[in-house]
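The values are calculated or read from the model by the stated rules, or taken from the named source; none is laboratory data. These numbers come from a predicted model, not from an experiment. With ideal geometry, Cβ positions are generated from the backbone for all residues, glycine too; neighbour counts draw on all protein chains shown. Remember, those area values only see protein heavy atoms, side chains included, never the ligands or the DNA or RNA. Shrake-Rupley method; radii C 1.70, N 1.55, O 1.52, S 1.80 Å.
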Amino acid sequence: MPGVVNMESGSTVLPSSPRQEGMAVLSMPDGQRVEFPVLLDSSGAKFIDIRKLQPSTGMCTFDPGFGSTASCESSITYIDGNKGILLYRGYPIEELAAEGDFIDSTFLLLHGELPSKQEKALFEREIKYHTLVHEQLIQFYRGFRHDAHPMAIMVGVVGALAAFYPEVAEVRNPQQQLRACYRLIAKMPTLAAMAYKTSIGQPIIYPRNDLNYAENFLHMMFAVPSERYEVDPELAKALEIIFILHLDHEQNASTSTVRTAGSSQANPFACVASGIAALWGPAHGGANEAVLKMLEEIDRLGGVEQIPTMVARAKDKNDSFRLMGFGHRVYKSYDPRAKLMRQVTYRVLEKLGRKDTLLDIAMELEKIALQDDYFVKRSLYPNVDFYSGIVLRALGIPVEMYTVLFAMARTVGWVAQWKEMVADATGRITRPRQIYTGELRRKFIPVYERQLSGRISVPADFKESSGFRSNLLSRLVDTSARTALR
C-alpha cells in the first residue's frame, strides 16, 4: 500500500503549562491559613490549584458533577458559553464546518494543526485503508438479538476490537497510539452501519474507498446488494457538517469517562467503548432523539394547531412537559453550532422537498422560540440537537441510530483527548474522594438472629429451601463431607 502515513511522525501536541498569578488564601475553621497557587489558562480564566489541599490539611473539596473543577489540562477544545464560542485548536467551529471538511477537522484535533495538501491526501488515504474490519468480528453481530439497540451493539463490538489488535495494550508506545486512533476513526462508520443492518435483518454492506467519510457511511447504511445506491453529495455534505459540529466539546460526561478509563492505562478500544456507554445515557447523547419524541407527542396531540398550547405548558413551572432542543447547559447565548445547522436544515428540506408533519411542527416551534420574549430573555434558542434531529430525520436516519452517529463523530474527540492524556508523563490514575454518609463499625449478626430489613419484599408464603445452611462454616463442612464420600 503506497504512501502510508509514517506512524512515528505523529507526535502528540501537549498543552502548555498554565501561568501562575498570585495565591489564594483559605482560612480554616481552626484559624490556620493555607495558600494555593492561582493559575491562568490561555483565555485568562482563573483556577485555584488545590492539589496539595488534602496532603497539607487533611481536607477535601466537595463538587458533585465537577461543575467547578478542572480535571485536566488540554489544548484541544475551548468553549466560552457566555459569548457562544467553540474553538477546535483555536479555529472557530463555524469556519471549520463551513469552509473545511471532516478530514481537516479530524487531522486538526488529532495532530494540532490543519494539514497541508499533501498531508491531507496522505491522512485521508490512511483512514480509508483502515475502514474494513476483521471478518471474524462480523460473527459478533450475529450473536445479538435481531432487535438489539444499535448502541448496545456498539458498546460490545468496539471493546472487542482489542481482541483483534492486542498490540494496543502498549499504550505508552507512540506508534501504537496513533495507529489505534486511526483504526477507531476509520472503523466506526463500518461498525455503526453494520449494527444498523443487523438490527433490520439486511446484508452487511462493505465500505468503498472511492467515497469520503460521510458518503461511505450513507452507502453502507442504505445500499443493498441487489441494486446500486447513488449517494447524493449535497446530503452527504449535510451529514459531514453534523459530524464536524459534534467532534469534540471539552470535558463532557463521555469524554471525561474516556479519560478516566484511560488513566488506568486501559487500551483505547476499551476507553472508547466506555465513552459510548456514557454517551448512550439520555441526559447526554440522547438529546436529538428526545427532540423527535417531543415532536411526535405534539403531533399525536393535534399537530401544529396544538403548538400554542404546548408552548404555554412549557412555560408553566407546574407542568412536567418540556420543549426539548432549546437552550444549552454550557451556552448562555446562541449555540454557535446551531447557527450553521439552521442553514443546513433549510437547505436539506428544500433539496428533498419532503412533506413531513413533524418537520412542519419543528419549523413552527422554531419561529415561536425566536420571537417569543419568554424564550429570548432566557436565551432558550434552538440548539444543535434541535436542528440535527430534523436533518437526520429528513435524511432517513432512524431515531435509534441518532446516538450512534453522535458516537461516530465524537470518537475523533475521544481519541484526541485519550492521546493527549497518555502522552502526559505526569498523569495520575483518576481517584475521586467521597463524603461518606454510611454506618461505621457495625457488629455482624448471624442470619438466624436477624429481623426483616424491609429493603425487599418477601412473600408471606416464602419458605427456605431444604438445603439452606445458616452460615458459611456449615456450608464448608457439608461440601467437604460430600467431597470425601466420592
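When the residues of the stretch 149-183 are filtered to those that are in contact (Cβ under 8 Å) with a residue 12 or more places away in the chain and not in a helix (DSSP H, G or I), which remaining residue is nearest to the chain's Cα centre (by Cα)? Among those residues, the one meeting the criterion is His149.
Here's the yes/no breakdown for (1) of a type in the set (Lys, Arg); (2) assigned by the TED database to the domain that holds Phe62; (3) assigned to a helix (DSSP H, G or I):
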| residue | (1), (2), (3) |
| --- | --- |
| Ala369 | no, no, yes |
| Met408 | no, no, yes |
| Val412 | no, no, yes |
| Val415 | no, no, yes |
| Met421 | no, no, yes |
| Arg428 | yes, no, no |
| Ile435 | no, no, no |
| Ile445 | no, no, no |
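Across the stretch 364-380, the qualifying residues are those that are at pLDDT below 85 and surrounded by 15 or more Cβ atoms within 10 Å (Cβ to Cβ), and the one among them that is farthest from the chain's Cα centre (by Cα) is Ala369. The single residue among Asn212, Asn216 that is modelled with pLDDT of 95 or more and in contact with a Pro (Cβ under 7 Å, 6 or more places away or on another chain) turns out to be Asn216. Pro115 meets the conditions (1) part of a loop (DSSP other than H, G, I, E, B); (2) modelled with pLDDT under 95; (3) within 29 Å of Ser16 (Cα to Cα) in every case but one. The failed one is (2).
Yes or no, residue by residue, for (1) free of Cβ contacts under 8 Å to residues at least 60 places away in the same chain; (2) surrounded by 21 or more Cβ atoms within 10 Å (Cβ to Cβ):
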position	(1), (2)
Asn267	no, yes
Gly275	no, yes
His284	yes, no
Glu289	no, no
Met294	yes, yes
Ile298	no, yes
Leu301	yes, no
Gln306	yes, no
Ser333	no, no
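Scan the stretch 12-41 for residues that are under 23 Å from Tyr88 (Cβ atoms) and either assigned to a loop (DSSP other than H, G, I, E, B) or hydroxyl-bearing (Ser, Thr, Tyr) (or both) and the total you get is 8.
Taking the stretch 381-421 as the range and being more than 20 Å from the chain's Cα centre (by Cα) and open to solvent by 10 Å² or more (accessible area, probe 1.4 Å) as the test, the residues that pass are Tyr381, Arg393, Leu395, Gly396. Taking the numbered list (1) in a helix (DSSP H, G or I); (2) open to solvent by 60 Å² or more (accessible area, probe 1.4 Å) in turn, Lys355 passes all entries but (1).
Just so you know, in the stretch 434-467 the residues that are under 30 Å from Gln54 (Cβ atoms) and of a type in the set (S, T, N, Q) include one that is surrounded by the fewest Cβ atoms within 10 Å (Cβ to Cβ), and it is Thr437. Among the residues making up the stretch 141-168, a single one is farther than 21 Å from Ile205 by Cβ and among the hydroxyl-bearing types (Ser, Thr, Tyr): Tyr165. As a summary of the residue check, Arg125 satisfies the conditions (1) open to solvent by less than 50 Å² (accessible area, probe 1.4 Å); (2) assigned to a helix (DSSP H, G or I); (3) at pLDDT 95 or above except for the one numbered (1).
Taking the stretch 70-107 as the range and being open to solvent by 70 Å² or more (accessible area, probe 1.4 Å) and in a loop (DSSP other than H, G, I, E, B) as the test, the residues that pass are Ser71, Glu73, Asn82, Lys83.
Residue count for the stretch 338-365 under the criterion of being without any contact (Cβ under 8 Å) to a residue 24 or more places away in the chain and under 14 Å from Gly325 (Cα atoms): the result is 1.
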